[in-house]
Amino acid sequence: MSATEELFREDATLLRCEARLVEILPEGLVLDRTVFYPQGGGQAGDGGRLLLADGRAIAIADTRKSRGDEANPPRLLHVPAAGQEALLAELAAALPLALSAEIDAERRRAHMRFHTATHLLCALVPHPVDGCSITAGYARLDFHTAEPLDKEALSAGIARLVAEAHAVRHRWISDAELDANPQLVRSMSVQPPRGSGRVRLLEVEGVDLQPCGGTHVGNTSEVGDVVVTKIEKKSAMTRRVVLGFASPV
Ligand SMILES: [Zn+2]
């Protein structure tokens, strides 16, 4: 079985695509292509629905990648919401099945705004990152440092970079190019995915450059009113910065 084509890697603004449901596994549904981002790199997975030609829909609660092993590469799994067992059992007899895959746009938009804001934080805080979590309600980034961080100064720094409207774009480089530039890797806990021979590099023009496979807005102006809501001392060498929306979305 070939891998799912990951349309969100090239275009994070896609909300919907035509696809085929090719497999129904106990852990989730496999499509031949998708706009659903699977949980990874700290970013939460997408929710949404799979629209069938007859008007019915499968509600998708989450998206994630299976762990995989040498014999079985990781699978991109659309996790159905509970209570749809009868529908899924019926569809299992009709595979492959053409459908439209549509993500929850508001949830993804929040992920993209927060995710891009974490790149701005990386540019403002000169310490390595050793943990990251991005959801629709908040984002948090753990910095490896014993130094205190200033909540108001970081909020002001984010606001400045948002107001400056920097372009955000990605490009692909080879593993060899990354090996030649180890300073590009900001995170201690999330190593860029290896093995495919290429690495996705995310650039916030003039601000931040690092390997990242997540989804981002196209310009820092789209991050909007994101502020630092809390700074916690998680351990002697860890400062956690929590981001939130200044005004409810
Ligand atoms: Zn990113």
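Values in this text are rule-based calculations from the coordinates and carry no lab data. Remember, it's a predicted structure, so these values are computed and weren't measured experimentally. Backbone-built Cβ (ideal geometry, glycine too); neighbour counts: all protein chains shown.
List of remarks:
- Efficiency of FRET between residue 165 and residue 53 - r from beta-carbon atoms, R0 41 angstrom, step 0.05: 0.45
- Shape category assigned to the stretch 107-245 from the gyration tensor of Cα positions, a/c cut at 1.5: oblate
- 222 nm mean residue ellipticity, helices alone, for the chain (DSSP H n ≥ 4; -39,500 (n - 2.57); rounded to 500): -6000 deg cm²/dmol
- In this label model, residue 86 and residue 33 are separated by 3.4 nm, measuring between points 7 Å along each Cα→Cβ vector.
- Vicinal HN-Hα couplings computed from phi for the stretch 222-230 (Karplus, 6.51 cos²θ - 1.76 cosθ + 1.60; Hz; Gly/Pro x): 6, 5, x, 7, 9, 10, 7, 8, 6
- A Cβ-based charge dipole, computed about the Cα centre of the chain with Lys and Arg at +1 and Asp and Glu at -1, lands at about 440 debye.
- Highest-first arrangement of 86-93, 63-70, where packing means the average Cβ count within 10 Å: 63-70, 86-93
- Dividing the mean sequence gap of close Cα pairs (under 8 Å, 6+ apart) by how many residues the chain holds gives a relative contact order of 19 percent.
- Taking the Cα centre of the stretch 40-154 as reference, the dipole from Cβ charges on Lys and Arg (+1) and Asp and Glu (-1) amounts to some 200 debye.
- Prolate/oblate/rounded call for the chain, Cα gyration tensor, a/c under 1.5 rounded: prolate
- Working note: Karplus 6.51/-1.76/1.60 with θ = phi - 60° gives the stretch 45-62 the couplings x, 7, x, x, 8, 10, 8, 8, 4, 7, x, 6, 9, 9, 7, 10, 7, 6 Hz, where Gly and Pro are set to x.
- Judged by the mean number of other Cβ atoms found within 10 Å, the most tightly packed of the peptides 224-230, 166-172 leads the ranking 224-230, 166-172.
- Note on residue 71 and residue 9: their simple-model spin labels are 2.6 nm apart, each label 7 Å out from Cα toward Cβ.
- Using the Karplus relation 6.51 cos²θ - 1.76 cosθ + 1.60 with θ = phi - 60°, the per-residue 3J(HN,Hα) values for the stretch 140-145 come to 9, 9, 9, 9, 8, 6 Hz, with x marking Gly and Pro.
- For residue 42, residues with placed amide H under 5 Å, excluding near neighbours: none
- A crude spin-label estimate for the pair residue 23 and residue 231, with each label 7 Å from Cα along the Cβ direction, gives 4.7 nm.
- Ranked list, fewest to most other Cβ atoms within 10 Å of each Cβ, for 62, 142, 175: 175, 62, 142
- Shape class of the stretch 208-249 from the alpha-carbon gyration tensor: oblate, with a/c at 1.5 or above and b/c at least as large as a/b.
- Sequence-distant lysines (8 or more away, or on other chains) whose Cα lies within less than 20 Å of residue 151: 230, 233, 234
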